[in-house]
Amino acid sequence: MCVNFDSINRKLSISEMAQIHDISRQTLIYYDKIGLFEPAIIDEENGYRYYSTLQIPLLREICFLRSIGMPLEDIRKHNENNNSKSTIELLESQNEKISKEIKKLQMQQAAIEKRVHIYHNATDYANADYKPTIQYFPERRVLYYEWDETDRTRHGLHYALMKIWNEAEKFGILPSKRWGALIFKEELEKGTPLNHAGGCCLINHNIPDLPGLRILKEGDYVCMPKFGMPYDTEHIYKLVHWIEENNYEIIGDIYDECLLDTIFYDDDCELDFCEIQIPIRKKS
């Protein structure tokens with residue numbers, strides 16, 4: 001059977017073309033307006049514009065590229081010089097972008113799950129006894145600023161953190177959102193744990209001469225959640241007692257990380273929800 005060319009290359013209205021590809025008329029009108037996909041046929045009698053059935057493969061490709069998140073401008077440029085090599089490069093580039101986006105979303109999901117876990121812990125811990133656990137941490141770097149010994153208050157904590165941020169900005173870096181307090185092992189052993197204690201923020205930069213840089217050593221830490229301010233030492237001594245009872249020894253400085261500020265949970269909770277982390281090892 002011989003197929004007549006005119007029967008294949010027939011005219012399609014905007015509505016018909018949109019229905020075939022399950023898109024709206026407004027979408028096709030917009031594609032026409034930006035020069036991405038224009039009607040190929042102009043009726044000589046009435047001047048109406050129609051699409052050709054031969055344009056269906058091109059629009060199908062445009063719809064596919066849009067379905068995988070391809071920007072319209074990239075599709076338009078691609079159509080100007082469309083060949084198998086450029087198509088492969090375009091798809092590989094988009095695949096790389098999607099992979100990065102997936103990784104970003106996975107990180108966001110992990111952050112959400114961690115925050116939900118913290119909220120659950122804060123709620124569960126409110127009326128519970130302290131529960132030490134041992135966790136492994138890689139080496140961490142913190143920026144430290146000593147508290148004013150005459151102002152160990154919320155105001156003093158905030159002032160120390162702002163000083164840390166100002167110092168970091170001089171080196172073109174910003175501390176992470178994770179912050180807390182640093183208490184020195186030597187001072188704890190002297191019975192004066194708040195001597196030279198101060199606020200600190202984790203950083204991801206290795207700048208040896210950065211003022212206030214301190215290293216939290218890699219290794220095992222005994223950790224304990226608490227409701228309390230970093231300058232309250234009651235929980236530290238409880239944890240020190242647990243360490244001694246379980247035949248461990250302290251081998252480094254203490255990090256008291258703020259997990260939730262008071263503004264994030266119920267009004268009747270006046271204290272921050274934190275976690276004390278003390279580096280340890282078994283006594284020989």
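The values are calculated or read from the model by the stated rules, or taken from the named source; none is laboratory data. If you're wondering where the values come from, they're calculated on a predicted model, not measured in any experiment. As a convention, Cβ positions derive from the backbone with ideal geometry for all residues, glycine included, and neighbour counts pool all protein chains shown. Just so you know, the surface numbers come from the protein's heavy atoms only, side chains and all, with ligands and any DNA or RNA stripped out. Shrake-Rupley method; radii C 1.70, N 1.55, O 1.52, S 1.80 Å.
Worth a mention:
- Scanning region 170-197 for residues that are open to solvent by less than 10 Å² (accessible area, probe 1.4 Å) and either in contact with a Lys or Arg (Cβ under 7 Å, 6 or more places away or on another chain) or not in a loop (DSSP other than H, G, I, E, B) (or both) returns G180, A181, L182, I183.
- Qualifying residue in region 211-218 (condition: in contact with a strand residue (DSSP E or B) (Cβ under 7 Å, 6 or more places away or on another chain), more than 22 Å from I250 (Cα to Cα) and among the small types (G, A, S)): yes
- First in region 229-250 and over 19 Å from T192 (Cβ atoms), second anywhere and open to solvent by 40 Å² or more (accessible area, probe 1.4 Å) and part of a helix (DSSP H, G or I), Cβ under 9 Å, 6 or more apart: Y248/W242
- For E257, the requirement of being at pLDDT 80 or above, open to solvent by 70 Å² or more (accessible area, probe 1.4 Å) and in contact with a Gly (Cβ under 8 Å, 6 or more places away or on another chain) is not met.
- Subset of region 132-169 [among the charged types (D, E, K, R), under 30 Å from K282 (Cβ atoms) and in a loop (DSSP other than H, G, I, E, B)]: E139
- When residues of region 226-254 are limited to those that are of a type in the set (A, V, I, L, M, F, W, C) and modelled with pLDDT of 90 or more, the one nearest to the chain's Cα centre (by Cα): I254
- Restricting region 28-51 to residues that are open to solvent by less than 40 Å² (accessible area, probe 1.4 Å) and part of a helix (DSSP H, G or I), the residue that is nearest to L90 (Cα to Cα): Y31
- Residue ID - most open to solvent (accessible area, probe 1.4 Å), chosen from residues in region 52-76 that are part of a helix (DSSP H, G or I) and of a type in the set (S, T, Y): S67
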